[in-house]
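*Asks:* After the structure tokens below, expect a handful of questions from me.
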Amino acid sequence: MRERLVFIADKLYKNHNLALGEYAELIDGYDAEMEELLAKRARTVREEIYGKDVFIRGLIEISNYCKNDCFYCGIRRSNKACERYRLSREEILSCCAEGYTLGFRTFVMQGGEDAFYTDDFLCDLIKEMKATYPDCAVTLSLGERGKESFGRLFEAGADRYLLRHETADEEHYASLHPAELTLANRLQALRDLKEIGFQTGCGFMVGSPGQTTETLAKDLKWIEEFQPAMCGIGPFIPHHATQFAQDKAGDVGLTCYLLSIIRLIKPNILLPATTALATLDEKGCEKGILAGVNVVMPNLSPMSAKQKYELYDNKAYGGSEAAKNVEELKARMDAIGYRVVTDRGDVRG
Ligand code: 5AD
């Protein structure tokens, strides 16, 4: 049994791919010993490409209005108790100004699917950001928008786009989303983004309701085939105003194990330690780094926005103002032998 698992792990380390069934075996074989084995390999692979560098992204949560009604999400449109906000162009630019001073060279605009942010508005804003900070990358994480819209945002200067696929299993996808959202559309959007030229990121929650070894194996196989530049994975955390309020949260150790597997699937992938991981475990960020992560995304949103962007309960937002959070992050990374760098942090190799 152990021998078989180590054989599969070796194969992944060497070839960066496995059969669907082998991914399933690896997932089922998860225990502390396998977690450490894969983490060690993931760190080796990561350090060959990125050394000990940790890239930081300035996360700006621009709006919690959302036209979608994803069953797991705290900012779903049917959550009437959610206090809505959106940031103005000026507010977003002032987050960038603060972030730039703190050493951020990537700004991530993330938000619900909010029709207020038209292509015209966003293109204008992106151009302004790129003109003011020509040495910075702009990442968007604004949901599904259609190929033409994606094309315009790319032309305006956006560099990267994050769109989690959520699950690569059709039935599972349908159990987490209303009928108007389909896996086929989601995956098509991801292919469109990649074709347009974005550094494209996908991702999923670990321990989402209904997730099984088989659905997870499909996620891994899909990632292997799609070859995303980035991948965001974090534990599922229940939100009190959703139908999954009573479900249990995803497992931190399993999340780290999957992060290591993803690093081995695509050695140069940009892999963030997510806020959800840091929410469930105060050492979540360090654990992610030691599992092969190379990106951290501190929150630059104004304090009032941070509190309202509540995808799940007790979301961590660093507590204090951005400057203090970055100082603390640097010290925490130093303590485990890694260093936060001032860099756009593009894919290498
Ligand atoms: N727990 C963890 N992650 C969540 N997300 C949404 N709701 C939750 C939750 N309850 C993630 C989804 C989505 C991103 C915005 O946040 O994966 O893509």
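The values are calculated or read from the model by the stated rules, or taken from the named source; none is laboratory data. Predicted model only: the values in this text are computed from it and were never measured. Reconstructed Cβ throughout: ideal geometry from the backbone, glycine too, with neighbour counts over all protein chains shown. These area figures cover heavy atoms from the full protein model, side chains too; ligands, DNA and RNA do not enter into them. Shrake-Rupley method; radii C 1.70, N 1.55, O 1.52, S 1.80 Å.
*Asks:* Given the criterion β-branched (V, I, T), buried (at least 18 other Cβ atoms within 10 Å of the Cβ) and without any contact (Cβ under 8 Å) to a residue 40 or more places away in the chain, identify the matching residue among V296, V252.
*Replies:* V252
*Asks:* Okay, next question. Any residue that is touching a Cys at 6+ places or on another chain (Cβ under 9 Å), polar (S, T, N, Q) and away from the ligand (no atom under 16 Å from the Cβ) - is there at least one of those in segment 103-121?
*Replies:* yes
*Asks:* While we're looking at this one, here's another question. Answer yes or no as to whether L258 is without any contact (Cβ under 8 Å) to a residue 24 or more places away in the chain and within 16 Å of the ligand (Cβ to nearest atom).
*Replies:* No; evaluated as a whole, the condition is false for this residue.
*Asks:* Another question, then. Pick from Y65, Y100: which is among the hydroxyl-bearing types (S, T, Y), more than 15 Å from the ligand (Cβ to nearest atom) and in contact with a strand residue (DSSP E or B) (Cβ under 9 Å, 6 or more places away or on another chain)?
*Replies:* Y100
*Asks:* With under 24 Å from T139 (Cα atoms), within 16 Å of the ligand (Cβ to nearest atom), in contact (Cβ under 8 Å) with a residue 60 or more places away in the chain and part of a helix (DSSP H, G or I) as the only criterion, which of A305, A323 stands out?
*Replies:* Within the list A305, A323, the selection yields A305.
*Asks:* With (1) open to solvent by 20 Å² or more (accessible area, probe 1.4 Å); (2) in contact (Cβ under 8 Å) with a residue 40 or more places away in the chain; (3) polar (S, T, N, Q); (4) assigned to a helix (DSSP H, G or I) as the list, and Q188 as the residue in question, which single condition is left unmet?
*Replies:* (2)
*Asks:* Here is a follow-up. Say we look at segment 191-219 and pick out the residues that are touching a strand residue (DSSP E or B) at 6+ places or on another chain (Cβ under 6 Å) and small (G, A, S); which of these is farthest from Q243 (Cα to Cα)?
*Replies:* If we take residues in segment 191-219 being touching a strand residue (DSSP E or B) at 6+ places or on another chain (Cβ under 6 Å) and small (G, A, S), then G201 is farthest from Q243 (Cα to Cα).
*Asks:* Tally up the residues in segment 151-181 that are within 16 Å of the ligand (Cβ to nearest atom), within 18 Å of G197 (Cα to Cα) and open to solvent by 50 Å² or more (accessible area, probe 1.4 Å), please.
*Replies:* Summing the residues that are within 16 Å of the ligand (Cβ to nearest atom), within 18 Å of G197 (Cα to Cα) and open to solvent by 50 Å² or more (accessible area, probe 1.4 Å) in segment 151-181 gives 1.
*Asks:* Of everything in segment 249-289, what is of a type in the set (K, R) and not in a helix (DSSP H, G or I)? Give them in sequence order.
*Replies:* K266, K283
*Asks:* Right, another one. Could you check segment 191-204 and list, in sequence order, the residues that are within 16 Å of the ligand (Cβ to nearest atom) and either open to solvent by 20 Å² or more (accessible area, probe 1.4 Å) or among the aromatic types (F, W, Y) (or both)? Give the steps one after another, and end with the answer.
*Replies:* Taking segment 191-204 first, the residues within 16 Å of the ligand (Cβ to nearest atom) are 193, 200-204.
F204 - this is the single residue of segment 191-204 that is within 16 Å of the ligand (Cβ to nearest atom) and either open to solvent by 20 Å² or more (accessible area, probe 1.4 Å) or among the aromatic types (F, W, Y) (or both).
*Asks:* Tell me yes or no: at least one residue of segment 221-238 is at negative phi and without any contact (Cβ under 8 Å) to a residue 12 or more places away in the chain.
*Replies:* Scanning segment 221-238 turns up at least one residue that is at negative phi and without any contact (Cβ under 8 Å) to a residue 12 or more places away in the chain.
*Asks:* Given segment 1-105, what helices (runs of 4 or more DSSP H) lie entirely inside it while holding 1 or more residues that are buried (at least 20 other Cβ atoms within 10 Å of the Cβ) and out of contact with any helix residue (DSSP H, G or I) (no Cβ under 7 Å at 6 or more places or on another chain)? Spell out the reasoning first.
*Replies:* Details: elements: 2-15, 20-28, 32-50, 89-101.
The qualifying helices (runs of 4 or more DSSP H) are 32-50, 89-101.
*Asks:* Right, next: Does segment 208-237 hold any residues that are surrounded by 19 or more Cβ atoms within 10 Å (Cβ to Cβ), within 16 Å of the ligand (Cβ to nearest atom) and of a type in the set (G, A, S), and which are they?
*Replies:* Residues satisfying the conditions are S208, G232, G234.
*Asks:* Okay, moving on. Which of the residues belonging to segment 109-150 are small (G, A, S) and either buried (at least 18 other Cβ atoms within 10 Å of the Cβ) or assigned to a loop (DSSP other than H, G, I, E, B) (or both)? Break it down stepwise before answering.
*Replies:* Quick first cut of segment 109-150, residues small (G, A, S) only: 111-112, 115, 131, 137, 141, 143, 146, 149.
Selection gives G111, G112, A115, A137, S141, G143, G146.
*Asks:* Could you pull out the residue among K287, K266, K283 that is open to solvent by less than 40 Å² (accessible area, probe 1.4 Å), closer than 25 Å to R41 by Cα and basic (K, R)?
*Replies:* K266
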